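The structure appears below as structure tokens.
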Amino acid sequence: MMERLLSVKDIQERYQCNPATARGYIRQMVHMEKPMMVKEKEVERWERDKTFYPQETYKTELLKKRRARA
């Protein structure tokens, strides 16, 4: 099954923003140009990278990641 592609309009609706902002968001992700599209998986990855946790949770998650790398 092919992964769903999202358009500028889809990103606009998802984040309630104008087309220029949606294009700017898409350009921060791995994407296609002409037509500008992005895989749903890439949007989810971008959102994860932009998500912040409350301070204590963030510290705990950071320590877990550091321990997992070691």
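The values are calculated or read from the model by the stated rules, or taken from the named source; none is laboratory data. Source: prediction; values computed, not measured. Here Cβ is always computed from backbone atoms with ideal geometry, including for glycine, and neighbour counts include all displayed protein chains.
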Just name the residue that is surrounded by the fewest Cβ atoms within 10 Å (Cβ to Cβ) out of those in region 43-55 that are modelled with pLDDT of 80 or more and touching a helix residue (DSSP H, G or I) at 6+ places or on another chain (Cβ under 9 Å). TRP46
Determine which member of the set MET29, MET1 is touching an Asp or Glu at 6+ places or on another chain (Cβ under 6 Å) and in a loop (DSSP other than H, G, I, E, B). MET29
Of (1) of a type in the set (S, T, N, Q); (2) surrounded by 10 or more Cβ atoms within 10 Å (Cβ to Cβ); (3) under 14 Å from the mean Cα position of the chain (by Cα), THR60 satisfies all except one. Which? (3)
Conditions first: (1) surrounded by 12 or more Cβ atoms within 10 Å (Cβ to Cβ); (2) over 14 Å from the mean Cα position of the chain (by Cα); (3) hydrophobic (A, V, I, L, M, F, W, C). MET29 passes all but one, so which condition is the exception? (2)
Please determine whether any residue of region 56-70 is small (Gly, Ala, Ser), at pLDDT below 95 and not in a helix (DSSP H, G or I). yes
